[in-house]
1. Which residue pairs have Cβ atoms under 7 Å apart, sit 6 or more places apart or on different chains, and have a first residue in the range B:500-528 that is under 16 Å from B:T215 (Cα atoms) and a second that is in a helix (DSSP H, G or I) and among the charged types (D, E, K, R)?
2. Looking only at the range B:208-220, decide whether some residue is at pLDDT 95 or above, closer than 22 Å to A:P103 by Cβ, within 14 Å of chain A (Cβ to nearest Cβ) and part of a helix (DSSP H, G or I).
3. Consider B:T641 against the criteria (1) in contact (Cβ under 8 Å) with a residue 24 or more places away in the chain; (2) farther than 25 Å from B:I396 by Cα; (3) surrounded by fewer than 22 Cβ atoms within 10 Å (Cβ to Cβ): it satisfies all of them except one. Which criterion is unmet?
4. Those residues that are within 27 Å of B:R374 (Cα to Cα) and facing chain A (nearest Cβ under 10 Å), I need them from the range B:641-665; list them, please.
5. Sort through B:Q685, B:Q644 and tell me the only one that's more than 16 Å from ligand 2 (Cβ to nearest atom) and part of a loop (DSSP other than H, G, I, E, B).
6. Taking the range B:338-359, which residues are surrounded by 24 or more Cβ atoms within 10 Å (Cβ to Cβ), polar (S, T, N, Q) and within 24 Å of B:G604 (Cα to Cα)?
7. For the range B:672-680, check the following and say yes or no: at least one residue is over 30 Å from B:G7 (Cα atoms), away from chain A (no Cβ under 14 Å), modelled with pLDDT of 95 or more and touching a strand residue (DSSP E or B) at 6+ places or on another chain (Cβ under 7 Å).
8. Of the numbered conditions (1) under 21 Å from B:I27 (Cα atoms); (2) at the interface with another protein chain (Cβ under 10 Å from one of its Cβ atoms); (3) surrounded by 24 or more Cβ atoms within 10 Å (Cβ to Cβ), A:V49 fails exactly one; give the number of that condition.
Amino acid sequence: MSLRVVVNHEERTVASAPLTPLSTVLREEFALTGTKEVCGEGFCGACTVLVDGAPAVSCLVPVGLVEGRRVETVESLAVGEDLSALQAAMIETDAVQCGMCFPGILMTLTGFFSERPDADEEEIRSALAGNICRCTGYEAIVEAALSIRGAGAAASAVEAAS
Amino acid sequence: MNKPVIGSDLPRRDARDKLRGRTRYTIDRGGLGMLHAAVRRSDVASARIVRVDVEPARRMPGVRAIVTADDAPGRYGLTVADHPLFAVDRIRFHGEPIAAVAAETLAQARAAADAIVVELETLPAAITMEQALAPDAPEIHPDWRDYEVLFPGGRRSGNVAWEATVERGDTDAAFARGDVTIVESCFRSGRQNQTPLEPRACVASYEDGRFFIETSTQVPWAVRDTTARLLGVRPSDVRVTVPAVGGGFGLKFEFAVEPFAALLARASGRPVRLANTRREEMQTALCRENADIRIRSAVTRDGEIVGREAVVLMDCGAYGGEQPFLTTMTAHTLGGNYRLGSVRLLSRAVYTNTAPTGAFRACNGTYNTFALERHTDEICAAIGMDPIAFRRRNVIGDKALGSTGQVFEGDVLGPMLDRMEEMTASRPSQQARADGRLYGRATVVGTWFIFVGPSAATVNLNPDGGVTLVTSGVEIGSGSMMQSLPQIVADSLGLTPQDVTIRAADTDAAGYDVGVGGGRQTVSLGVASTNACIEVKKKILRVASEMLEADPADLVLEDGHVSIVGVPEQRVSVPAVAARAQVTTGPISGSGAFTAPGTAAMPGCAAGHMLEALDLPVFAVHDCEVAVDPATGHVEVLSYTVVQDVGRAINPRAIRGQIQGGVVQGLGYALHEDVSIDAEGRIRQEGFETYRVPLAQDVLAIDCHLHEGAPSIGPLGAKGAGEVPILNVAAAVACAVSNATGKSVDTIPLTPPRVLDLLTGYDGPQEHHHIAKQWTDNCLPDDAVCVA
Ligand code: FES
Ligand code: FES
């Protein structure tokens, strides 16, 4: 029996075995290579996706566990050509360098803001505790996150996407 | 008039796709028919290879090709060709490649690699530099005398892979003076793993007798040349292209996975992908080298440094790699910052049975600056002088002599120290936040350089009036290809940055280039591009002069038009010029080049140096405040301030981003990125669980000032800005922790256990028994100088 997962609002059938990491299925079966597999051990956060709206490190989630659930990846954030508020804020602060960490960071923060739209700086930093960025030193990322806080923008981006 | 493009915070053109997950890095590439590869590595540090049998692996499912040392006859190196692709006869480090396999799936490739039979006979190993330099040490390269010398002039012997020296003035006399205080210190620094998020990865194919390699590298031309050398083919038979690179920091400044994939592609007739696992990256990264340093100075009561001598041992691991070259840098980093009456420095790359080390952002500079600045504070304590006053008195200024006798131009560090003082004086001290912990502060200086060197650029004017910049430049995240180069080209041709298309690196399309690293890309490619634009501009004006019936000398090129000076309404657009050129001169293009001017040392001063002097020095002043928790040994950085010499800021916001990122990497190096090697030569840290890189909660916003106006050979007076931010960080933190604790900090990283030791179990400064007290006793004899 094959597995079914709702990936970026579309019901998909998974051919891989149920124990295959979700990150591998997203990348190799669905060509959603935005999700990065950097450590494969749950420590870097680059593979973070939303599972039923909550951030999860997809390298540690066997695809069998998301049967019938909603998975959102970084590819779902922009609607058409419109970036989410968080993505646009990252451009505003010139946060991006090599870019490898951003898919995970965006998904972590998108999930986080949908729960805590008014979070303060300390809470934002602790939300990012599981995401490694080796290039930027984090400040421009935190600044971007702070700039959209409270505006309801992040939350509406999530709604728009769901 | 368009707004000026130089000095403006232009956004990155690649940000949107990177934020949408659309950018396809090398690890995201591949295609129909692609095989996956795995490398079989040694799991001991030193052994004789008795037998390698690949036949059992060949029979495994899905296997399409297996290659071993028999397939790669060459050896490579920078000064001496000591490094084969696969271990031949002998294993020299834990993780050394023995064979590589390509199979239909990655799991099949890994299973087959494991099935290769490797029979080894363990040999004695030298894991540390003490062991490698001991009189009875095992020789790691028993055949070192027979290796091909690629660059002559260094001294070599046994486990000393390379030795470079600087001697200027009469140091013996300086130390013998009656009016000097002699201060001596020993320091030790650990390795640091670059850990870019994208591992070293490539996809190789073999078509029409040529290799085609798409790879995540900083040095496409070095990959081309090294792959050819190792495989024994012509460099021109290798083409290298580079998609977006997911971070490098020096790790990708040498070949890595490419020759394995190339061999497997030729053997199988299929494209082959090889990507290192995180564990392989931790075990075999070309870490920043660990170093042991002894430094001694003779200083008068009023603070004049009349003599200085030092020995720096750099652990190059099992093969020389970049380190013989980097021994050069000691002359400019440890020998930098201050005016010295006389100086002698010895810098050695030492072989050990550990993974080879390599380049890492401000290579060699981070630990030498740490040692020099801590030593400087010890001098100040010994002669009773204020550390800032001492620095002000002694920093290199206009006409100062460098350690190799080069003459510096301009007063740069002095005014930067002034600026730092203004910045720190304008804000309240953070001491109150120490809240019962030990509070300390330090201001330190640093000398670095832009590693200039050959670059080539072509600029093509397209029929639509835009231009395409064709170079071998690589975007690794620093923004030089995405921000500064388009800005420089647009400025030269009166266009907007959006009019400038950047061709990604392709060794078949663009001329030679050293690569991205050493802060060189904006400088070397910037000048080469500017030169190409001069030719393009000349051709545009020539065609326009016919169209406008005016002398080219009376024409200006701006805002996408050529107009007659003083008669702005008499103008033609660049696209119209391009269209006209198609039918008159033919399409317009220009080429430009740049190379290092090659500043010389004072004759007889430097031996074994691949660079004798700094063509383009760069300076930095850092200040930090720390709180040290005496109960846990944890160090919190309370404030961090940077004044950086940037020459001219092409894109100030992008430079600030580099400073923030570089300082944070430096905080990891100074405080908690610990690479330790066990007695068997295995690196203990196998992933991010144990290798602690800075996280969002560990860091703070860096306050920075961009110092402009220092002399520069760079385009529009710019200097590279991405490399130098990490230079002074360990120095600043270590000096501040010393200031807080009253103890002599002589080892980094300052992990909590180490800081606790310092506070509780401190037993005086360390001694390096493998460095002779008498400087000259360390030098290899004259007959150890290698000749090509
Ligand atoms: S790849 Fe999943 S946490 Fe690192
Ligand atoms: S931008 Fe490179 S890892 Fe974050």
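The values are calculated or read from the model by the stated rules, or taken from the named source; none is laboratory data. It should be emphasised that the depicted structure is a prediction, and the values quoted were computed from it without experimental measurement. Every residue, glycine as well, gets a Cβ built from its backbone with ideal geometry; the counts of neighbours run over all protein chains shown.
1. Once the first residue is under 16 Å from B:T215 (Cα atoms) and sits in the range B:500-528, its partners that are in a helix (DSSP H, G or I) and among the charged types (D, E, K, R) give B:T507/B:R224.
2. Within the range B:208-220, not a single residue is at pLDDT 95 or above, closer than 22 Å to A:P103 by Cβ, within 14 Å of chain A (Cβ to nearest Cβ) and part of a helix (DSSP H, G or I).
3. (2)
4. B:R656, B:Q658, B:I659, B:Q660, B:G661, B:G662, B:V663, B:V664, B:Q665
5. Criteria check complete, one pass: B:Q685.
6. B:S347
7. Taking the range B:672-680 as the starting set, the residues that turn out to be over 30 Å from B:G7 (Cα atoms) are B:672-680.
Filter again for away from chain A (no Cβ under 14 Å), leaving B:674-680.
This time we only want the ones that are modelled with pLDDT of 95 or more, so: B:674-680.
From the residues that got through so far, the ones that are touching a strand residue (DSSP E or B) at 6+ places or on another chain (Cβ under 7 Å) too are B:675, B:677.
Among the residues of the range B:672-680, at least one is over 30 Å from B:G7 (Cα atoms), away from chain A (no Cβ under 14 Å), modelled with pLDDT of 95 or more and touching a strand residue (DSSP E or B) at 6+ places or on another chain (Cβ under 7 Å), which makes the answer yes.
8. Unmet for A:V49, out of (1) under 21 Å from B:I27 (Cα atoms); (2) at the interface with another protein chain (Cβ under 10 Å from one of its Cβ atoms); (3) surrounded by 24 or more Cβ atoms within 10 Å (Cβ to Cβ): (2).
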